[in-house]
1. Which one is farthest from the other protein chains (Cβ to nearest Cβ), of the residues in region C:123-163 that are polar (S, T, N, Q) and either in contact (Cβ under 8 Å) with a residue 40 or more places away in the chain or within 11 Å of ligand 2 (Cβ to nearest atom) (or both)?
2. Search region C:13-27 for residues being buried (at least 23 other Cβ atoms within 10 Å of the Cβ) and of a type in the set (A, V, I, L, M), and hand back the single one that is farthest from the other protein chains (Cβ to nearest Cβ).
3. Go through region A:291-346 and give me each residue that's in a helix (DSSP H, G or I), more than 10 Å from every other protein chain (Cβ to nearest Cβ) and farther than 30 Å from B:PRO50 by Cβ.
4. Evaluate the following for C:TYR81: is it within 14 Å of chain A (Cβ to nearest Cβ), touching a helix residue (DSSP H, G or I) at 6+ places or on another chain (Cβ under 8 Å) and within 16 Å of ligand 1 (Cβ to nearest atom)?
5. Hey, could you check region C:421-451 for residues that are buried (at least 18 other Cβ atoms within 10 Å of the Cβ) and out of contact with any Lys or Arg (no Cβ under 9 Å at 6 or more places or on another chain) and say which is farthest from C:GLY381 (Cα to Cα)?
6. Among the residues in region B:31-38, are any touching a Lys or Arg at 6+ places or on another chain (Cβ under 9 Å) and either loosely packed, with under 13 Cβ neighbours inside 10 Å or touching a residue at least 60 places away in the same chain (Cβ under 8 Å) (or both)?
7. Would region C:189-201 turn up any residue that is over 26 Å from C:ALA14 (Cβ atoms) and either more than 16 Å from ligand 2 (Cβ to nearest atom) or in contact with a helix residue (DSSP H, G or I) (Cβ under 9 Å, 6 or more places away or on another chain) (or both)?
Amino acid sequence: MSWPMDFLRFSQCSEALKKKSVSSVELTRQSLARARDSQGKYNAYMAILEERALASAARADVRLKAGESFPLLGVPLAVKDLILVEGEKCTASSKILENFIAPYSATAISRLEAQGAVIVSKTALDEFGMGSSNENSAFGSVKNPVDATRAPGGSSGGSAAALAAGDVALALGTDTGGSVRQPAAFCGITGLKPTYGRVSRYGLMAFASSLDQIGPMARDAEGCAALMQAIAGFDIHDGTSSRAKTADYLQDLVTSRSSKSLQGLRVGIPKEIEGIALESEVAAELAALRAHLEKNGASLVSVSLPHFPLALPTYYVICTSEASSNLSRYNGIHTGRGASHGEELGLEGLYARARGEGFGNEVRLRILLGTYALSAGYYDAYYRRAAQVRRLIHKDFSLAYRSVDVLLTPTAPECAFALGSRTDDPLKMYASDLCTLPASLAGVPAISFPTNFTNPKLPVGMQLMAPWFAESRLLQIVDTLQRHGVGGVV
Amino acid sequence: MTSSFDIAKIARLARIELREGDEARLTSRLEKILASFAALQDVDVAGADPLYSLSEEIVLREDVPEPALDRDKILVNAPNSFDGCYRVGRVVRSE
Amino acid sequence: MAHFEIVIGLEVHAQLLTKGKIFCTAPVADGEPNTSVGAVSAGLPGSLPVLNRHAVELAVRAGFACHCDINLRSRFARKNYFYPDLPKGYQISQFDEPICGEGWLEIATDESGSKIRKVRIQRIHMEEDAGQLFHVASSTLVNLNRAGTPLIEVVGHPDLRSPVEAKNYLKTLHSLLVHTGVTDGNLEAGNFRCDANISIRPVGETKLGTRTEIKNVNSFRFVELALEYEIARQIAVVEGGGTIIQETRGWDAAAAKTFSMRTKEDADDYRYFPDPDLPPLVLDPEWVKQIRSELPELPDDKRRRLQETMGLSESEAKLLLEHRDWHVYIDELCALGLDAKLAASWVISDLVGELNHLSKSFSENPFKATRMAELLSLLQGKKISRRQSKELLIWWMKHPESSIVEHVKNENLVQVDDSAALEGWVKSVIGANPSQVASYLAGQEKIFAFLMGQVMKVSQGKAHPEKISDRLKKELEILKR
Ligand SMILES: [Mg+2]
Ligand SMILES: [Zn+2]
């Protein structure tokens, strides 16, 4: 039985399960079958967890029968292979972790499983989250299901591809500088990067600790809201976790549907995006979206985030510095693949061999860059200075939110680019994240959603950014737009 | 800043063994990237307190330990273990 | 030897007395290898450090014990280096923003402890311990039980001028930290260990010489020996025309020698940076106040208090601090209603003196406080004199089973304060010494002492001197008129 298009969206899955028109085991079997089928085409998975998924689906069916009604109960879910699921391999798409078995589960995973979500797969990524195309993987690149010659974006490209291929209705990604949003844009789905500290990082393999966030990905805002509902909130196992109260993300959506939520909304357009060369289709979509917002009662305000153009160097200094330290634990002694041979190398040589062999090119490049930025004599000019500029970027956002409710930019300056077209030019690759980096540095929540006003040949994503902890506002706005038919979801 | 990138020194510090051809390829990439960072040096950062963490205050845990992890679950991920320990080739004391 | 000044600075690592590790949920325990390891102390991917509140409290306590400034805002940093005892590839420590700033200790400058000097402490910071390595045959085994154990590092200024001072500094710091419950101070287990930085310079030179660092010495005596050895070695090098190289040296206890471990030529670049997993540690001033108020009394403060409340000299107070059993005994006596000053001075001088005389230890004192109180009550009630009390103690030591009150009664030793008897004795002395009385009345006041002595004599020492004096004055006053 093939997967009816009715199951692309979270609400369709969840309603069918509640009405008992389908069981979780049936839904999970279909999801698994689709995943196996699409793996050959798109290579989106590091693992398909058949046994685990069917067992938890069976448990979910028992709970459904007993009348339990968690929104995610029995719903299949894909998880980026940077997030630990106890007893399953977690590779980070890196050779150095090819055999690593998670000894515990991430907090997000424990919470999802407690609510009965069914984890069906671990999705491929750019090694350790470092990349924007999913080509930096020790296990082959992921292909974009919309056009298999193109990149799905990165680093959560596997999760985005799994959604675009229709294998699951929900997925978890992680976002450090745009890794949920940019692949969401490239694959035509919806992805939210929460406020830093909103979702526990415990059990997320660290790339850049001060930037990393786990984020929900789905066909629509409602799916993202359902996932947020389960994973957001304080966690004593994460020292950077926020104690701020969480919203009722799903209920907030439903409530907003009865009101005209775009009426009076102040949408800020950073004038600094004028300095970014946007692909014509992206520019056309942006213009059409602005018109749509205005038509529906929102006011558009031009704002300035003066340090926006500095986000790229600031981000790369900070993320590589933190990564150079975070990835020191993969050393061939305690964790990670050992050196292929060479007791004769001595201790230093053993470390260098294991790490030299285990890490891919981009990871090695970034470790070297970060090591340099932290090294004696360069620390002040790079790491410390970048942290100062980050303060300025943070202030820009604080000021902007005094006059607007949200900020709007395209998610990426372009649509999905061809696989192989940027692998030799890291700077060109990095530029794909120009629009997503500022929100990461400031720690504000940001959502990417597809638009299709002008019939673009490839998906185009738009990004809305809200003040700290205002995820609900983003989900409500995007839900409203999607109910207007924006992006063609409904 | 500078464009002189001593890759051998940094690679040694980072414990990354360079592969054939790495030295030239990585050096040229790194120098290009560093050059693109030049804008950072021109920003007026006077009075800007470095932002190292977005969380303002630390979370504290009570002194109530939980059971330790099962040793086998940890050591299963070590490339080399023996008798309940991680094992390495003999480490010379002066290293 | 005499041309060189010795400059020593100590860095002490003390293990904090917590149940759990500093950033990890695992317990602090030492069983089978790798059985008290959690996700954080194993450096597992995805694990995150969360700071143990009690470790913070103990570090603040240590700060107060060492008279340090407490920094209400401090920060953790990563010290990056690769070593098999460090599974994360970095140690979480504090770098430029430690929890405690400048402080000081008072230490003895020689063995006798007669001279006391203040030496400065630079800072105290918190950090995690590393694991342990065991070298067997052709491989090295790693045990992470100790990884993540909370430590404070107390960094002293280079204010110490001799190995004896260094030893005394360590002893003082050790007793302070143990006394305040910061650490168990177990030296053999390595829970209190020290790195010693030492250099020499010509007397009069103000610039510091090149220093060597002796790593991980965990005995007071070894620190002294290692420093003595190292001083002699450095002097020999310099006098032989050589130069000292900056290096880390180990202490080989069996050979009683220091040996070179590694030189600092390939200058370690630890790439310290603020740990992004740990936001700034901000202390609530109320909490800090509470920690201070709950701090057990520090030895120096206690000594000062004892000097005041018990009327003791500095040396007596120090003796009392060193002998907890004497102190307990005195407290028991006080609880029975005896005056603290009287009890303290009597126990420290008379009782301890007599026990010493009999070559007995204090624990061999045959009299419980309740019995001893009988004797001291007589003294406090002025029924016997101080001299008598000592004589009675000497007798009692030989007859510990006897009742001291009975003995005093039988021997008729009690000072009489019966006014009729007193009046009789005074009047008989006045009657028997008319010429002396006349001289006194004529203005020769010195005669009073003679008359006092006569009354004492007549009373056979049973009359209390103060009371004699009062009565005698009264009777002479009557004659004056
Ligand atoms: Mg030190
Ligand atoms: Zn230390």
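The values are calculated or read from the model by the stated rules, or taken from the named source; none is laboratory data. Please read these numbers as outputs of a predicted model, since none were measured by experiment. Here the Cβ is made from the backbone with ideal geometry for all residues, glycine too, and neighbour counts use every protein chain on show.
1. Applying the filter and picking the extreme gives C:SER162.
2. This residue is C:ALA14.
3. A:ALA291, A:HIS292, A:LEU293, A:GLU294, A:LYS295, listed by residue number.
4. It is false that C:TYR81 is within 14 Å of chain A (Cβ to nearest Cβ), touching a helix residue (DSSP H, G or I) at 6+ places or on another chain (Cβ under 8 Å) and within 16 Å of ligand 1 (Cβ to nearest atom).
5. Restricting to residues being buried (at least 18 other Cβ atoms within 10 Å of the Cβ) and out of contact with any Lys or Arg (no Cβ under 9 Å at 6 or more places or on another chain), the top hit is C:VAL437.
6. no
7. Scanning region C:189-201, I find at least one residue that is over 26 Å from C:ALA14 (Cβ atoms) and either more than 16 Å from ligand 2 (Cβ to nearest atom) or in contact with a helix residue (DSSP H, G or I) (Cβ under 9 Å, 6 or more places away or on another chain) (or both), so the answer is yes.
Quick grid of which residues meet (1) over 30 Å from C:GLU230 (Cα atoms); (2) in contact with a Cys (Cβ under 8 Å, 6 or more places away or on another chain); (3) acidic (Asp, Glu); (4) within 16 Å of ligand 2 (Cβ to nearest atom):
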| position | (1), (2), (3), (4) |
| --- | --- |
| C:HIS3 | no, no, no, no |
| C:ASN34 | yes, yes, no, no |
| C:PHE82 | no, no, no, no |
| C:LYS88 | yes, no, no, yes |
| C:ILE92 | yes, no, no, yes |
